[in-house]
Structure formats: C-alpha cells, structure tokens
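Report on one structure; see the data block that follows.
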Amino acid sequence: MNKVILMGRLTRDPEVRYSAGENALAIARYTLAVDRRFRRDGEATADFINCVSFGRTAEFAEKYFHKGIRITICGRIQTGSYTNREGQKVYTTEVVVEEQEFAESKAASQGFAAASAPQGMPVVDMPSPSAASADGFMNIPDGIDEELPFS
C-alpha cells in the first residue's frame with residue numbers, strides 16, 4: 001500500500017502549468033514544509049516535501065493556496081528519474097496529491113503571515129466579523145458548488 005498523509009505550510013505559491021492539447025490538464029506543483037515531531041538541539045526542524053496535483057485539484061490549489069497557508073494532503077509517493085542537460089541521471093521523489101484541504105482558518109493563516117512578514121511589509125486585512133454568521137462560520141455564496149473539489 002502506498003498512502004501518504006501530510007500537514008504543513010506551503011513554502012511558496014503553487015506553480016501551475018497546463019498540458020498542451022485540446023483537453024488541457026492543470027498541473028500544480030508546490031512544496032510543503034512539514035515539521036518534524038522531535039527537535040534537534042531544541043531547534044524546530046522540517047522536511048520539505050515536493051507535491052504535484054492534477055486536474056481540478058490543481059485548479060483548486062491555483063485559486064486558493066498561497067505561500068504560508070497550512071494544508072493537509074493525502075496521496076501517494078512516486079519516484080522517477082530523468083537525465084539532465086549535463087548527462088547526469090537525476091532521481092526524483094514527490095507526493096502525487098489525491099486529496100487536499102485547508103488545515104486552519106483563513107484568519108489563522110493570515111495571522112501566521114502577519115507574524116512571519118518582515119517589518120514594514122503590508123499584510124492583507126482580515127475579513128470583518130460581520131462576514132460570519134452567528135455560529136462563527138462564513139456563509140458560502142450561492143453558485144460556488146461547481147467550483148469546490150468536493151461534494
């Protein structure tokens with residue numbers, strides 16, 4: 001069985017390309033920084049995992065994912081190799097994403113961005129509390145169902 005579940009923060013915005021041809025397929029690549037459970041010499045350490053998603057999953061990543069947000073992914077490990085321009089064989093390992101979802105609220109994600117932003121860098125304002133309903137959840141606009149990658 002080849003099954004991977006990871007939770008981490010995106011190290012950069014997803015890089016999305018579309019395949020050539022009549023039925024272009026979106027291909028998104030991003031890297032997750034996944035914290036290790038144990039610390040070395042009291043310092044936090046992380047693994048940087050390359051991920052790739054296809055189709056609607058890739059389109060969702062392009063539209064909603066950005067550097068710094070915390071996500072959870074489920075997929076499989078895939079290895080491969082290619083020969084680079086210098087004629088050397090390069091081996092690759094990446095996670096092919098089958099499912100992905102947000103692991104924190106938008107406000108928490110923006111709070112992380114504000115805490116990690118260099119001094120003097122502008123941070124996007126958080127939505128007003130009036131945007132949420134009485135139970136604390138945001139209302140989903142009508143007609144968005146076809147854009148969501150889950151049902």
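The values are calculated or read from the model by the stated rules, or taken from the named source; none is laboratory data. These figures come from a predicted structure and were not determined experimentally. Cβ: placed from backbone, ideal geometry, glycine included. Neighbour counts: every protein chain shown. Ligands, DNA and RNA are excluded from the accessible area calculation, which covers all protein heavy atoms including side chains. Shrake-Rupley method; radii C 1.70, N 1.55, O 1.52, S 1.80 Å.
Annotations for the structure displayed:
- Residue list for segment 1-11, filter: open to solvent by less than 90 Å² (accessible area, probe 1.4 Å) and in a loop (DSSP other than H, G, I, E, B): Asn2, Thr11
- Residues in segment 80-127 that are open to solvent by 100 Å² or more (accessible area, probe 1.4 Å), modelled with pLDDT of 60 or more and over 30 Å from Met1 (Cα atoms): Arg85, Glu86, Gln88, Lys106.
- Any hit, segment 29-51, residues being touching a helix residue (DSSP H, G or I) at 6+ places or on another chain (Cβ under 6 Å) and modelled with pLDDT of 95 or more: no
- Cβ pairs under 6 Å, 6+ apart, first in segment 65-79 and under 12 Å from Ala103 (Cα atoms), second basic (Lys, Arg): Gly68/Arg9; Arg70/Arg9
- Set side by side, the residues Leu10, Leu6 differ, and just one is touching a residue at least 60 places away in the same chain (Cβ under 8 Å), of a type outside the set (S, T, N, Q) and in contact with a Phe, Trp or Tyr (Cβ under 6 Å, 6 or more places away or on another chain), which is Leu10.
- Output for segment 23-79, where each listed residue is open to solvent by 20 Å² or more (accessible area, probe 1.4 Å), assigned to a strand (DSSP E or B) and among the polar types (S, T, N, Q): Asn50, Thr72, Gln78, Thr79
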